[in-house]
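Down below is the structure, laid out as structure tokens.
Here, each number is a calculation from the coordinates, and none is a lab measurement. None of these values were measured; they are calculated from a predicted model. Reconstructed Cβ throughout: ideal geometry from the backbone, glycine too, with neighbour counts over all protein chains shown.
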Amino acid sequence: MPRFCLIGSYTGRNAGDAAILENVVRDIAEACPGAVCEVLTINPAFMRRTYPGLPLAPVATLPWNLSVKTLGLPLLLSVIRCDAVLVTSAILFDIKFWNPLYNYLTSLLLALPLAKLLGKKVFFHSVGVGPVYTAKGRAIVRYLLNLADGVTLREEASVPIMRELGVSVAPVMAADPALNQTVPAAAAEEMRARVESDLGPGPFATLNLNAYVAEWTGDKAGESLTRERFEAEMAAVVSGLVDDWGLGVALVCTHHMDEPVMEAVLRLADRPGKTVLYKCRHFDHRQLMAVMARSEFMVGMRLHCQILAVAAGTPCVALNYAPKVRHFMRMAGLEDFVVDMDGGFSAARVLERCNALRENRGTVLQEMNTRVGELKKAAKNAPAELARVMGG
């Protein structure tokens, strides 16, 4: 019975990561029947509560376990116990390199060479590579990838980065595992009733924002897109959708850190009875996806909100806070509905893209569903490659 050590950002605070983990574990069970997945986490209770029935064993990485997030004794012991180490998600970047609460490269430098020394397999499951800005970061990411017995990528944008780094391992193109997330019937019915109770039976849009506002700088008017201005513009978007379009708006918060931004937008919009905020601390990723699935469209900022929405058949207008957002929207056939976070960002620009999406909904959905169907199939390249690496 193979045993896998999974390294990724699995804290229970991010609904996107929760969806990734569910589908990675399902992939492993499909590729290697009877497998057990040891998942390094600061929140074992969340793992047990969220994934009943999956072959998942939480490994606590709290300070009293002699660990700083994933960096510590539990990681070493898991590598020793397991047959393979799997690196997942998008943790191959060098921002805040020396901070193990944020960056995972030090943990990987501990785990992967040890795995190879002990004769274990090393596999990168549907990862994104980058950004890597420093010479040190480039050297370390190259070294880690060259330890791999197999690499599968979630996005084509990682290929030129690997080439520029000089990685010798040939990657296999896959796609984000969360694209194959589904909504159980019970969750769909629960959230249908919940939304109708909160917003009424009429049509509604969904909205997702994140807290990375401070990283955006000047627009064409020479102003800075401050958090306060951003919140005011997005509140105007909500007001426009309610007052001018007759829609309800369900704000969907998929990370604990984003709650203050979304609470501020809800407060500034001030449309009681037509707006509601659903937080991932109260609803799991399946329930939040059920809300997205019922909405007419989403205005989304976090990448995995867009991924879960299109996986559920709901088109998106994306707020482009990072290159990965535009890249995914291009893959999904939705690049025309990307709003950049500079150059005069405004509520009017967001609403104009929403209107274009509504007017062309039939054509947009047909193209999106075709593209997303292809991506869902591509995501299954990862478990197939894992089976090959493990000798299956």
For every helix of n ≥ 4 consecutive DSSP H residues, a contribution of -39,500 (n - 2.57) applies; sum these over the chain, divide by its total residues, and give [θ] at 222 nm rounded to the nearest 500 deg cm²/dmol. -14000 deg cm²/dmol
Least to most buried among SER168, SER126, SER346 (fewest other Cβ within 10 Å first): SER168, SER346, SER126
Spin-label model distance (nm) - ASP342 vs ARG388, 7 Å beyond Cα toward Cβ: 4.0 nm
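Counting other beta carbons within 10 Å of each Cβ, put LEU165, LEU241, LEU112 in order, fewest first. Kindly include the intermediate steps, with their values, before the conclusion.
Values: LEU165 20, LEU241 26, LEU112 23.
The most exposed by this proxy come first: LEU165, LEU112, LEU241.
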For the stretch 259-275, Karplus couplings with θ = phi - 60° (6.51, -1.76, 1.60), whole Hz, Gly/Pro x: 4, x, 5, 6, 5, 5, 5, 4, 5, 5, 5, 6, 10, x, x, 10, 9
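Let's see if you can work this out: charge +1 on each Lys and Arg Cβ, -1 on each Asp and Glu Cβ, no other charges. What is the dipole magnitude of the stretch 185-375 about its Cα centre, in debye to the nearest 20?
That gives the stretch 185-375 a dipole magnitude of about 340 debye.
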Calc'd 3J(HN,Hα), the stretch 233-247, phi into Karplus 6.51 cos²θ - 1.76 cosθ + 1.60 (θ = phi - 60°), Hz, glycine/Pro = x, comes to 5, 6, 5, 5, 4, 4, 4, x, 5, 6, 6, 8, 9, x, 9
Over the chain, what is the relative contact order in percent, taking alpha-carbon pairs closer than 8 angstrom and at least six residues apart? 16 percent
Quick check on the chain: what are the equivalent-ellipsoid semi-axes from the Cα gyration tensor, as sqrt(5λ), descending, whole Å? 36, 22, 20
For the stretch 185-375, the Debye formula with one identical point scatterer on each Cα and no solvent gives log10 I(q)/I(0) at q = 0.16, 0.17 Å⁻¹ as -0.97, -1.11
Cα extents of the stretch 1-159 along the three principal axes, largest first, in whole Å? 43, 34, 32
Considering amide H positions built from the backbone, and no H for Pro or chain starts, which residues 5 or more places from GLY248, or on another chain, come under 5 Å of its amide H? PHE204, ALA205
Using Cα-Cα distances under 8 Å and only pairs 6 or more residues apart, what relative contact order does the stretch 1-103 have, in percent? 33 percent
Dimensions (Å) - the stretch 87-177, Cα atoms, principal axes, largest first: 32, 29, 25
Residue-wise HN-Hα coupling along the stretch 303-318, computed from phi with Karplus coefficients 6.51, -1.76, 1.60 (Hz; x: Gly, Pro): 3, 6, 5, 4, 4, 5, 5, 5, 4, 8, x, 10, x, 10, 9, 10
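Within the chain, which is the longest segment that contains none of the trypsin sites (Lys or Arg not before Pro) sitting in a DSSP loop with at most 14 other Cβ atoms within 10 Å?
Looking at the chain, 97-219 is the longest stretch - no exposed trypsin sites (Lys or Arg not before Pro) with at most 14 other Cβ atoms within 10 Å.
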Between ALA193 and LEU62, what is the FRET efficiency for a Förster distance of 30 Å, r being their Cβ-Cβ separation, to the nearest 0.05? 0.20
